[in-house]
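Here the structure comes first, spelled out in structure tokens, and everything after it is commentary.
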Amino acid sequence: MPEIKQTPTASEPISNGATPHANGAESATLKERQTDAIPPQRGRYAHIVGWGYHVPEKVITNQDLEQIVDTNDEWIRSRTGIAERHVAADPKETSATLAIVAARKALEVADVPANKVDLIICATTTPEYLFPATACLIQDALGADNAGAFDLSAACSGFVYGLAMARGQILAGDAEYVLVIGTETLSRIVDWTDRDTCILFGDGAGAVLVAASEVPGGILSVDLGSDGSGGNTLIVPAGGSAMSTSLETVSSGMHYVKMDGKAVFRFATRVMAASTRKVLERAGYTTDDVDLVVPHQANIRIIQNSVLNQLKIPAEKVFVNLEKYGNTSTASIPIALCEAIEAGKLKPGYKVVFVGFGAGLTWAACALDWRTPVERQAAGWWKSTRRQATYSAAAARSMWKRAVRWVYDVLPDPETPGRDENPKEGPEMPIKESGGERIKE
Ligand code: ACO
């Protein structure tokens, strides 16, 4: 793992884990923050130490969309800022496969083996299945044998929600390393005949490794919000328990994204600024202290309206890459973070904000005191080979476990005699009573 650097001005952490602001402005709001923020375990901090992203190769430009729906490049650019997006054209490319590549890169940057990861949080609106969780498929492919894994559903705010969960686990002392992933194949749930939505979205995945450290800094404060009364403004109506999939739901396109763009726009511009203010205050920062904002990449006008106009943070401190990728939902912030690092926009000592919004409706922000060195040292051939070997071993182990399960399935089960003679009706379930916990129905 890269050595996380001490901040030269970092003093003893105040009760919410924030590094006190140099001008002492924290005192007025300290009381409020003490009750507002989660108090960290003393001397324990959550830092991002690894990062990676992956997008599908296929690019769809605005000109390509002109061939599909009644739109044009000028309208899309001026109303959204988007010029092109990557889509998973190969059916073998899925939310899990994109995420696995991104997660491996994050582990490589951090130089941490997969078996050290304690928890995998996969934020996604396009999971592989309703269940099992996509996070579990990622866990299997990484060979992260010591990790818990779950999916997180908070739409485009999901990645920041995931960071907040990771921070909580680390500060509580329950985890040392948490992988937080945002991954999407939105092209699979977008109606390619609906010009209101199909121009907006793209596919991709981004991942970060969050690690426990004694060095003050890292993820200092978080703000999570929701307003379910606006759930119908951005929704995939069918496929869940409210409207299970049927011929009718499919023929009427109810399994596609439906959106009231104007309502989402109004909501987004309101919450982005408010949530950013909250996390800055909780961290003891002002907007003047911010070195870099990585906002959810949905629409350039939303970013301009909220971050630039309302918060008065200058454009050079706001990283935007939506021109190339469109809105990749949960993946947009981690992809933008990776590209900001590649572009030299992030350095140790920088005060950083991630802020997003999405369906739910949800919003989320976090403020970081970035301490991790960002220059990447190319891994030696031996390390790369060893890493590749561990992934091959993980694949072999997974196959072996499946084979063992298959053998158990086909062999006669000594505990349920008769099962194989009359498989349709099946034997009575052999339920063992144990301390009243298992109750026969
Ligand atoms: N090409 C050309 N014209 C279009 C297109 C298009 N692709 N889409 C709409 N129009 C037309 C409309 O029909 C309308 O025409 P009319 O005036 O004749 O009725 C006109 O353009 C203006 O349409 P508006 O909907 O008013 O356009 P607006 O400026 O609101 O922009 C947009 C629409 C881009 C969708 C904007 O509202 C927006 O970005 N909203 C937020 C959406 C968002 O971020 N969603 C993702 C949330 S994150 C998540 O959880 C997935």
### Query
What is the residue count in the range 403-439 for residues that are surrounded by 11 or more Cβ atoms within 10 Å (Cβ to Cβ) and either at pLDDT 90 or above or of a type in the set (Lys, Arg) (or both)?
1
### Message
Take the residues in the range 230-252 that are assigned to a helix (DSSP H, G or I) and in contact (Cβ under 8 Å) with a residue 40 or more places away in the chain; name whichever of them is nearest to the chain's Cα centre (by Cα).
### Response
Gly231
### Message
Considering only the range 259-271, I want to know if a residue exists there that is at pLDDT 95 or above, farther than 30 Å from Lys105 by Cα, within 13 Å of the ligand (Cβ to nearest atom) and in contact with a Lys or Arg (Cβ under 7 Å, 6 or more places away or on another chain).
### Response
no
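Listed here are the residues, each with its yes/no results for (1) crowded, with 24+ Cβ neighbours inside 10 Å; (2) under 16 Å from the mean Cα position of the chain (by Cα).
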position: Met254; (1), (2): no, no
position: Gln297; (1), (2): yes, yes
position: Leu311; (1), (2): no, no
position: Pro314; (1), (2): no, no
position: Val318; (1), (2): no, no
position: Ala340; (1), (2): no, no
position: Gly358; (1), (2): yes, yes
position: Asp369; (1), (2): yes, no
#### Entry: Count - residues of the range 285-323 that are assigned to a helix (DSSP H, G or I) and within 15 Å of Arg79 (Cα to Cα)
8
### Query
What number of residues in the range 186-209 are of a type outside the set (Val, Ile, Thr) and in a loop (DSSP other than H, G, I, E, B)?
6
### Message
Quick test for you: out of Ala212, Ala175, Ala149, pick the one residue that is in a loop (DSSP other than H, G, I, E, B) and either more than 29 Å from Lys324 (Cα to Cα) or not aliphatic (A, V, I, L, M) (or both).
### Response
Ala175
#### Entry: Condition check for Glu84: charged (D, E, K, R), over 30 Å from Glu375 (Cβ atoms) and touching a helix residue (DSSP H, G or I) at 6+ places or on another chain (Cβ under 9 Å)
no
### Message
Can you pull out every residue in the range 58-102 that is in contact with a His (Cβ under 9 Å, 6 or more places away or on another chain) and either within 16 Å of the ligand (Cβ to nearest atom) or in contact (Cβ under 8 Å) with a residue 40 or more places away in the chain (or both)?
### Response
Ile60, Leu98, Ala99, Ile100, Val101, Ala102
### Summary
Result of the Cβ filter at 8 Å on the range 280-300, keeping first residues that are within 23 Å of Cys156 (Cα to Cα) and partners that are at pLDDT below 95 and within 16 Å of the ligand (Cβ to nearest atom), at least 6 apart or interchain, is Val293/Val307; Pro295/Ser306; Pro295/Val307
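Results for (1) in contact with a Pro (Cβ under 8 Å, 6 or more places away or on another chain); (2) not in a loop (DSSP other than H, G, I, E, B), shown as yes or no for each residue.
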| residue | (1), (2) |
| --- | --- |
| Gly52 | no, yes |
| Pro56 | no, no |
| Leu65 | no, yes |
| Val69 | no, no |
| Ser78 | no, yes |
| Arg85 | no, yes |
| Ala88 | yes, no |
| Lys92 | no, no |
### Query
Does any residue of the range 240-252 turn out to be surrounded by 17 or more Cβ atoms within 10 Å (Cβ to Cβ) and either within 12 Å of the ligand (Cβ to nearest atom) or within 30 Å of Glu84 (Cβ to Cβ) (or both)?
no
### Message
Among the residues of the range 336-355, are any within 12 Å of the ligand (Cβ to nearest atom) and touching a helix residue (DSSP H, G or I) at 6+ places or on another chain (Cβ under 7 Å)?
### Response
no
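The values are calculated or read from the model by the stated rules, or taken from the named source; none is laboratory data. Every value quoted in this text rests on a predicted model; they were computed, and no experiment measured them. We place every Cβ from the backbone using ideal geometry, glycine too, and count neighbours over all the protein chains shown.
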